[in-house]
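Chemist: Let me begin by handing over the structure; questions about it come next.
The values are calculated or read from the model by the stated rules, or taken from the named source; none is laboratory data. Every value quoted in this text rests on a predicted model; they were computed, and no experiment measured them. Counting neighbours? That spans all protein chains shown, and the Cβs are built from the backbone with ideal geometry, glycine included. The accessibility values were calculated without ligands, DNA or RNA, using every heavy atom of the protein model including side chains. Shrake-Rupley method; radii C 1.70, N 1.55, O 1.52, S 1.80 Å.
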Amino acid sequence: MSLPIGTFSYSASGAAFLLVFLLLVSSWRGRLQGALLATACLIMAIWSAGAAYWALNPERSALFVEAAEIVRSAAWFCFLIVLLGYSHKATRSLRTAAVALALFCAAVLAGTIYSSGPRVSDLRTYEILARLLLSVVGMVLVEQLYREVSPKQRWGIKFLCLALGGIFVCDFYLYADALLFRRVSMDIWAARGVVDALAVPLIAISASRNPTWSLDITVSRRIVFHSTAILGAAVYLLGMAAAGYYIRFFGGTWGVVLQVTFLFGALQLLVIIFASGTLRARLKVFLSKNFFSYRYDYREEWLRFTRTLSEGEPGAELHERSIQAIADLVESPGGILLLRQDSGAFDEVATWNMPRRSLAEPGGNSLCRFLEEHQWVIELEECIASPDVYPGLTLPGWLRDTPAAWLVVPLMLHEGLLGFVVLTRSKGKIRLDWEVHDILKTAGRQAASYLAQLEAAKALLVARQFESFNRMSAFVVHDLKNLVAQLSLLLTNSEKHRHTPEFQRDMIETVSNSVDKMKRLLFQLRGGYSLTPAAPVALNDLLRAAVRARSASSPAPRFDESDAQAAVLAHRPRLERVVGHLVQNAIEATPADGRVVASLSRRDGQAVIEIADSGCGMSESFIRERLFKPFESTKSAGMGIGTYEVQQYVREIGGRIEVESVEGRGTIFRLLLPVHEDDSTSSARVAAEGRA
């Protein structure tokens, strides 16, 4: 047996009101309005459940259904009167009306209990008249509530008034028909459940718009947009299908052809409508205006804004994406970005869906000063029509001549104007209110931070390139200084010792070393690093060569040769330059009657090179804070590069450096390098140990 329509109708109504009741109770914050609304929804759910049960079992008594109907009307009256009390000053008259309504509802309820028949349709005339009056009272209260609240508050209660007005109008129609025909129509009575169920979404929307009613329910704007679009498409297709049916019915022999042609055209029109960005934009604006408290879903908009700015490669097309991210907030199809340059002028750096025009705006003109001082979003049409709204602003000619130019959005960074975006006219009819201005200004600040970060990264890259060039130049100059010092010393001694064969050999060797070093410098300047790969370097030979190259200095360094044998894996020219620098520094820090001694030993599997002098020494603070920092030097002609290079290269080959120094007594530089063991060094070391 199929279930009666009344059971389905009132079951749907009861389930819907029960759901709203549960949502209200779970988020109730102790407000009276929320408690009354939840109570009314619960009573509606109970009454609907009773009506659904009675429709399934019509042989049972209808007393509960008839009594519960009076109670649910009274509950809505109570809720409406409380809302009127918050919006109406004449509270005494409201109290009187509330008492009168309570007495009237009690009388109707008592009469219903006393004289209830076995069926809903068996209501007596005075009972029908009483229920008719209750529906009229309900409609009056709804009308009074909507009329008494301020225009700003109507946005929050208009859907409630529409829902309750629909409930009471349906009651009025039911009992007016019953009064006319002296019998309640069961068809209209069954349909009333559907009407009540349709009122539930409207009540939920109003509750979500009024925090004091405590319904924490949010509806995604995206879901509303897509649902509305799908619903509209469904209604459109149904209408087109009905029209196609009549075309086929009345088209005679051409009916099928006309029907297929019509339906194809209608479907094509629907696709065109869905593909229209302008219509989508206007639908979004319509839904935001009529169904939500704020125009924007800030979470969704900010996620989309950030995603637009950060997508793609770092820095790639960020200028265009900044325009797009701001334009999407107001459905603008294009824009121009101008940024401040080092000269202070604002130049066009990017466009989005617009041709490039190489625009430039002086930094001190009226537009830039106005944007920086006021930080306003400029609506160009308003500025042209009412210049008094923007005091002191004169629009440049290129901005007036830009096709469809609509808004100028400032990009503020730390209260300074980094740039501005010119947007073209929106695809939707967006009214520029405080909310649009605020979100555009905030988005402009966010985009400015991204753009400033990009500019800072570019500046840092250039600075690093200059730093690398300067560092390389410093190393080259330092090496040239040492070569010049050696050759100058050679020239100084040539007049005195040029006929000495020993001096001639040293001179040839020194010039040969200088030429090799210059070749290496030229190779480094061309982008190379070393003429030879890393290889085992015998430290005895290296120290002997470094000392011999400076034998003409005063004091002359000496190599304290021992039986220790060691080799390290390194680039010999660089390691020789490092050791030579330490020897040269020791010579320069030591008086002519002092001493400079180089030695080699082994300790715990490491080769230890010591360069000791009896010079002026250094303080502990200088060693700790300044010795190995680049461009720090105690010598008037020094560059502070040598010891920095020593530390860097020693670390590069896996070693470390130790310094012991006492002011006035001398310094010891100690290089601890990892030993490279091969057949030759192992054999030499074993032979030396055997001799020992």
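Chemist: Could you give every pair whose Cβ atoms fall below 7 Å, whose first residue belongs to the stretch 349-365 and is within 11 Å of Ile336 (Cβ to Cβ), and whose second residue is among the charged types (D, E, K, R) and not in a strand (DSSP E or B), counting only separations of at least 6 or pairs across chains?
Modeler: So the pair list comes out as Ala350/Glu320; Trp352/Glu320.
Chemist: Moving on. Within the stretch 414-431, take every residue that is assigned to a strand (DSSP E or B) and of a type outside the set (Val, Ile, Thr) and give me the one that is surrounded by the most Cβ atoms within 10 Å (Cβ to Cβ).
Modeler: Out of the qualifying residues, it is Gly419.
Chemist: So is Arg356 of a type outside the set (S, T, N, Q), open to solvent by 20 Å² or more (accessible area, probe 1.4 Å), under 25 Å from Gln324 (Cα atoms) and not in a helix (DSSP H, G or I) or not?
Modeler: yes
Chemist: I need the full set of residues from the stretch 159-185 which are open to solvent by 50 Å² or more (accessible area, probe 1.4 Å) and either within 23 Å of Ala102 (Cβ to Cβ) or at pLDDT 85 or above (or both), in order please.
Modeler: Leu162, Val169, Phe172, Tyr173, listed by residue number.
Chemist: Another one. What tally of residues in the stretch 360-374 results from selecting those that are closer than 20 Å to Val330 by Cβ and modelled with pLDDT under 90?
Modeler: Count: 1.
Chemist: A further question on this structure: Can you work out which of the residues in the stretch 436-453 that are in contact with a strand residue (DSSP E or B) (Cβ under 8 Å, 6 or more places away or on another chain) and surrounded by fewer than 19 Cβ atoms within 10 Å (Cβ to Cβ) is farthest from Arg340 (Cα to Cα)? Break it down stepwise before answering.
Modeler: Filtering the stretch 436-453 for residues in contact with a strand residue (DSSP E or B) (Cβ under 8 Å, 6 or more places away or on another chain) gives 440-441, 443-445, 447-449, 451-452.
In the following step, the residues that additionally are surrounded by fewer than 19 Cβ atoms within 10 Å (Cβ to Cβ) were identified as 441, 445, 449, 452.
Details: Lys441: 18, Arg445: 15, Ser449: 14, Ala452: 10 Å.
Once the filter is applied, the top-ranked residue is Lys441.
Chemist: Do we find that Glu331 is of a type in the set (Asp, Glu) and modelled with pLDDT under 85 in this structure?
Modeler: Judged against the criteria, Glu331 is not a match.
Chemist: Can you find even one residue in the stretch 435-442 that is in a helix (DSSP H, G or I) and either small (Gly, Ala, Ser) or at pLDDT below 75 (or both)? Before the answer, list the steps.
Modeler: Step one: of the stretch 435-442, the residues in a helix (DSSP H, G or I) are 435-442.
Then keep just the ones that are either small (Gly, Ala, Ser) or at pLDDT below 75 (or both); that gives none.
The answer is no, given that none of the residues of the stretch 435-442 is in a helix (DSSP H, G or I) and either small (Gly, Ala, Ser) or at pLDDT below 75 (or both).
Chemist: Right, next: Check Ser332 against each of (1) assigned to a strand (DSSP E or B); (2) open to solvent by less than 40 Å² (accessible area, probe 1.4 Å); (3) out of contact with any helix residue (DSSP H, G or I) (no Cβ under 6 Å at 6 or more places or on another chain) and name the one condition it does not meet.
Modeler: The failed condition is (1).
Chemist: Any residue in the stretch 48-60 that is free of Cβ contacts under 8 Å to residues at least 60 places away in the same chain sitting within a Cβ distance under 6 Å of a residue that is among the hydrophobic types (A, V, I, L, M, F, W, C) and in a helix (DSSP H, G or I)? List the pairs, counting only those 6 or more apart or interchain.
Modeler: Gly50/Phe64; Gly50/Val65; Gly50/Ala68
Chemist: If I ask for residues that are part of a strand (DSSP E or B) and either within 18 Å of Ala556 (Cα to Cα) or of a type outside the set (Gly, Ala, Ser) (or both), which ones from the stretch 567-598 would you list? Walk me through how you get there before you give the answer.
Modeler: Taking the stretch 567-598 first, the residues part of a strand (DSSP E or B) are 567-570, 596-598.
Answer for the stretch 567-598, where residues must be part of a strand (DSSP E or B) and either within 18 Å of Ala556 (Cα to Cα) or of a type outside the set (Gly, Ala, Ser) (or both): Val568, Leu569, Val596, Val597, Ala598.
Chemist: Same structure again: Give, as residue ranges, the helices (runs of 4 or more DSSP H) completely inside the stretch 361-413 that count at least 2 residues that are within 18 Å of Glu348 (Cα to Cα).
Modeler: 366-374, 397-401
Chemist: Restricting to the stretch 35-73, count the residues that are over 18 Å from Ala16 (Cβ atoms) and under 50 Å from the mean Cα position of the chain (by Cα).
Modeler: 2
Chemist: So the check is Cβ under 6 Å with 6+ separation or different chains; which pairs have a first residue in the stretch 318-344 that's more than 17 Å from Leu399 (Cα to Cα) and a second one that's assigned to a strand (DSSP E or B) and among the acidic types (Asp, Glu)?
Modeler: Matching pairs, first to second residue: Gln341/Asp347.
Chemist: Any idea which of Ser682, Ser619, Ser661, Ser601 is at pLDDT below 80, open to solvent by less than 60 Å² (accessible area, probe 1.4 Å), farther than 23 Å from Ala552 by Cα and of a type in the set (S, T, N, Q)?
Modeler: Only one candidate qualifies: Ser682.
Chemist: Checking Gly655 against (1) of a type outside the set (Asp, Glu); (2) within 47 Å of the chain's Cα centre (by Cα); (3) at pLDDT below 90: exactly one of these is not met. Which one?
Modeler: With respect to (1) of a type outside the set (Asp, Glu); (2) within 47 Å of the chain's Cα centre (by Cα); (3) at pLDDT below 90, Gly655 is out only on (3).
Chemist: Consider Arg119 carefully, then state whether it is basic (Lys, Arg), open to solvent by 60 Å² or more (accessible area, probe 1.4 Å), more than 26 Å from Ser11 (Cα to Cα) and at pLDDT below 80.
Modeler: Working: basic (Lys, Arg): yes; open to solvent by 60 Å² or more (accessible area, probe 1.4 Å): yes; more than 26 Å from Ser11 (Cα to Cα): no; at pLDDT below 80: yes.
Criteria not met by Arg119.
Chemist: Look at the stretch 186-212 and say how many of its residues are buried (at least 18 other Cβ atoms within 10 Å of the Cβ) and not aliphatic (A, V, I, L, M).
Modeler: 8
Okay, residues lined up against (1) in contact with a Ser or Thr (Cβ under 6 Å, 6 or more places away or on another chain); (2) of a type in the set (Lys, Arg); (3) in a helix (DSSP H, G or I); (4) at pLDDT 75 or above:
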site: Ser473; (1), (2), (3), (4): no, no, yes, no
site: Ser494; (1), (2), (3), (4): no, no, yes, no
site: Thr532; (1), (2), (3), (4): no, no, no, no
site: Asp541; (1), (2), (3), (4): no, no, yes, yes
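Chemist: Checking Arg72 against (1) modelled with pLDDT under 85; (2) of a type in the set (D, E, K, R); (3) open to solvent by less than 20 Å² (accessible area, probe 1.4 Å), which single condition isn't satisfied?
Modeler: In the conditions (1) modelled with pLDDT under 85; (2) of a type in the set (D, E, K, R); (3) open to solvent by less than 20 Å² (accessible area, probe 1.4 Å), Arg72 misses (1) alone.
Chemist: Between Ala12, Ala38, Ala51, which is surrounded by fewer than 19 Cβ atoms within 10 Å (Cβ to Cβ) and in a helix (DSSP H, G or I)?
Modeler: It is Ala12.
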